[in-house]
Amino acid sequence: MNRRRALLLASFFLLFHCLSLWIFHSQTTRATYPFAILAPLLAISACWTRSRIDGPRERLGWILLGTGLVLWDCGMALSAWEELSAHIPFAVAWFSDLIFFLYGVPVLLAISSAKEEQRSTLFFWMDGVQAILTAYLTYIAIFAVVPFATNTLQPISDSTLALTYHIENLVLACAATLRLLAQPRGAERRFYKILCSFLWAYALCAGTYNQIAVATQGHTMFDLLIDVPFLLLALLAGTDFDAAEDAEAADRKGPVARFMDNGSPVFYTLALLTLGIYAMHKSFTAGVVGICTALSVYVIRTTMLQSQYAQSQERLREARDRLEVLSLEDGLTKVGNRRYFDRMLDVEWNRTVRTQDGISLILIDIDHFKKLNDREGHPAGDRCLIEVARALQSILPRSGDHLARYGGEEFAVILPATNRAGAMLVAEKMRDAVRSLGIRNAVGAETILTISLGVAVCGWPEMSSSHSLVEAADRALYRAKEQGRDRIEVSLIEVALTEEQVRQRGISAQDS
């Protein structure tokens, strides 16, 4: 509905109520109750409509708010019966006042409800238990007896009841304001903005009306104040919203918003705890039950949220580990990629510097791969790379050896704690393993696929660098390709040692 039209209708509603009170000034009680019942019904209708339009995050809030308004309207209808039919004095707190107070239970649940991803069936039932216990303790607080007991009811005074209403309304309004301040833009913030506006208007109007009612002990023109907050809610919830506001919703919440999301469910527990303490002087057992229930709900909720947090952290670590593996793995051959090679070369080089065990590196190039790729097509080239990688991996004798796709049709093998003889042995086995695949070469139909290998060996890592090792292996590979391919060439990293360094290593100048 258009906001201007809704505002006009609300103005006519107040005008008709005012005219009714003026025309039937001698029967203000009968004149005011129809409007006092109809105004919440309009707000209930707007909440129900909004719950069907908005998303799941806001739907629960609208339903709970509507439920609270239903309770309030039932309290108003019961109040009309008490005053018009049962002739219960206006100054006496009675069952309608109990229902008026209980309207705040679902409203507080709407404010303190956990965010959608934290909601569970157990939380729903715990909130239900808290709501029932709240009604039980409220009955005791107002009538000073346990429900269904045979004792005579001892209602609190109307001034005390009015003070209780003031406290309830201010607590609800302040709690809604905290949620509003912490909520980012979007439909969820819009709900709390409407709720906050309604609760502050209700606290102001109800506070003023209650004080006047206690003083006059009857109905006056100030009964119009009853309509205002409900008409405001119907106006705000029932009018159309700008869709652009929802588009600006922030997915990333600040620390205050996250704190309120996780801390807001405690609002209701604190309210129940306070009510239990207050009820103890009228019924010690009921008060203790309320306090223990509030603390138990808090402990269970906190434990479950901590468990959910731990599980989410574990899933996050597992996802991070999977991403880490994927980031270090070549998507085609499933061996390490260039990033993996660079990382492991640094790791093994630093380890070799500490242990002085030496290190070897083998660079491998598939002979005439480009011609094969051009003639047979890329799918055939991919299958060739996969089979070659599998053959190379099968030769590595130790789990500490590392195979990676260096780039294109080149592979690299890091062999920690391996001397020249060991590196040459591994290289020869790899060469034979690729030949045994029997893949047809691009050069001729009678020839099979081969590889060229460049081996670099460093026995003095503290006197050199990993970059020098890669350069040496690259030079050896270049020589192997220049001298006819399908062969192994080796390069040794030569270093000049001083006599002191030779003596520290326990070797002779001849060995060095």
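The values are calculated or read from the model by the stated rules, or taken from the named source; none is laboratory data. Fair warning: this is a prediction, and the values are worked out from it, not measured in the lab. When we count neighbours, we look across all protein chains shown, and the Cβ atoms used for this are built from the backbone with ideal geometry, even at glycine. When the accessible area is computed, the model is the full protein with side chains, heavy atoms only, and any ligands, DNA or RNA have been set aside. Shrake-Rupley method; radii C 1.70, N 1.55, O 1.52, S 1.80 Å.
Some notes on this structure:
- Residue match in the stretch 72-93 (condition: modelled with pLDDT under 90, crowded, with 21+ Cβ neighbours inside 10 Å and charged (D, E, K, R)): no
- Members of the stretch 354-372 that are assigned to a loop (DSSP other than H, G, I, E, B), open to solvent by 20 Å² or more (accessible area, probe 1.4 Å) and in contact with an Asp or Glu (Cβ under 9 Å, 6 or more places away or on another chain): Q356
- From the list D330, D342, the lone residue that is touching a residue at least 12 places away in the same chain (Cβ under 8 Å), of a type outside the set (A, V, I, L, M, F, W, C) and under 30 Å from E410 (Cα atoms) is D330.
- Residue within the stretch 14-29 that is polar (S, T, N, Q), touching a residue at least 40 places away in the same chain (Cβ under 8 Å) and either closer than 17 Å to L235 by Cβ or in a helix (DSSP H, G or I) (or both) present: yes
- Being free of Cβ contacts under 8 Å to residues at least 24 places away in the same chain and surrounded by fewer than 15 Cβ atoms within 10 Å (Cβ to Cβ) is a description that does not apply to R375.
- The single condition among (1) open to solvent by 20 Å² or more (accessible area, probe 1.4 Å); (2) assigned to a helix (DSSP H, G or I); (3) not hydrophobic (A, V, I, L, M, F, W, C) that Y406 does not meet is (2).
- Verdict on L385 being open to solvent by less than 10 Å² (accessible area, probe 1.4 Å) and either in contact (Cβ under 8 Å) with a residue 60 or more places away in the chain or hydroxyl-bearing (S, T, Y) (or both): no
- Residues that are of a type in the set (A, V, I, L, M), open to solvent by 20 Å² or more (accessible area, probe 1.4 Å) and more than 16 Å from L109 (Cβ to Cβ) within the stretch 160-174 comprise L163, I167, L170, listed in sequence order.
- Residue among L181, L195 that alone is under 21 Å from W62 (Cβ atoms), surrounded by fewer than 17 Cβ atoms within 10 Å (Cβ to Cβ) and touching a residue at least 40 places away in the same chain (Cβ under 8 Å): L181
- Residues being in contact (Cβ under 8 Å) with a residue 24 or more places away in the chain, more than 54 Å from the chain's Cα centre (by Cα) and open to solvent by 60 Å² or more (accessible area, probe 1.4 Å) are represented in the stretch 411-422 by at least one member.
- Residue among A319, A310, A271 that alone is open to solvent by less than 80 Å² (accessible area, probe 1.4 Å), in contact (Cβ under 8 Å) with a residue 24 or more places away in the chain and of a type outside the set (D, E): A271
- Selection status of S327, among the small types (G, A, S) and closer than 27 Å to F123 by Cα: no
- Search result, residues across the stretch 297-330 that are of a type in the set (A, V, I, L, M), within 30 Å of L385 (Cα to Cα) and assigned to a helix (DSSP H, G or I): A319, L323, V325, L326
- Residue in the stretch 460-469 that is crowded, with 18+ Cβ neighbours inside 10 Å and of a type in the set (F, W, Y) present: yes
- Residue within the stretch 359-374 that is farther than 15 Å from G407 by Cα and charged (D, E, K, R) present: yes
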